[in-house]
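Heads up: the structure comes next, in C-alpha cells.
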Amino acid sequence: MNNFLLYIWNKLHKSLFIMIKSYISIILFLLLTSSINAQEATRSHKDSLNTIVAKYYELNFNIFQVNSTVEDIDKVFDLFTEDFTYTHPKYGGVYTREVLYNGYIRNQKNGGYDGNVLEIKILNKIVGLNAVVVEKRFVRKEEERKNKEESDMTLFEFSNGKISKIFEYW
C-alpha cells in the first residue's frame, strides 16, 4: 500500500510541477509580448508625431511660395486643435488659432509670401510623449549666397493626434 501511495504521490508531484512550469512559461510569454507591443506603440506614436511635424513644414513651405492659396493655409490649420496656440515671444507673444490664421491671410494678401524661402531644413529632432522639439533652418535666397548657418528651435505639443501648441525659441 505504501508503494502505491508513493507512486501516486510521485505522479501528482510531477504533474503539479509540469503544470506550474507551464503557467510560469505562459506568464513569461505574455509579459514579453506585451512589452514588445508597448514598444511598438511607442515607436508608432513617435512616428505619427514625426509625420505631423513633417507635414506642417511641408505645408508651410507651400504657403511661403508666390503662388500659394488660402487653401494652402487651410491645410496647415487642419493640423491644429481647436484650442491651438502659437507662442513667439520675439514677435508679440501668444496667438490664438484665429489670430494666427488671420495673420497668415494678411501676409499672403500683402505679398509676404514671395518665394524667398527655398527650403526648410530639419537639422535635429527630439520626440517625446506628445511633444517634439525641432532644430530647423530656413534656407532663403539671400542666405544661400552667404552660406549662413543659423538654426531655430521650435517646440510642438500634441493632443488627440493634432498640434495643440507651437512655441518658437528664436
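The values are calculated or read from the model by the stated rules, or taken from the named source; none is laboratory data. Predicted model only: the values in this text are computed from it and were never measured. Counting neighbours? That spans all protein chains shown, and the Cβs are built from the backbone with ideal geometry, glycine included. Heavy atoms of the whole protein, side chains included, go into the accessibility calculation; ligands, DNA and RNA do not. Shrake-Rupley method; radii C 1.70, N 1.55, O 1.52, S 1.80 Å.
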Can you find even one residue in region 66-74 that is in contact with a Ser or Thr (Cβ under 8 Å, 6 or more places away or on another chain), at pLDDT 95 or above and open to solvent by less than 50 Å² (accessible area, probe 1.4 Å)? no
Residue that is modelled with the lowest pLDDT [pool: residues in region 160-170 that are under 10 Å from the mean Cα position of the chain (by Cα) and more than 23 Å from K121 (Cβ to Cβ)]: G161
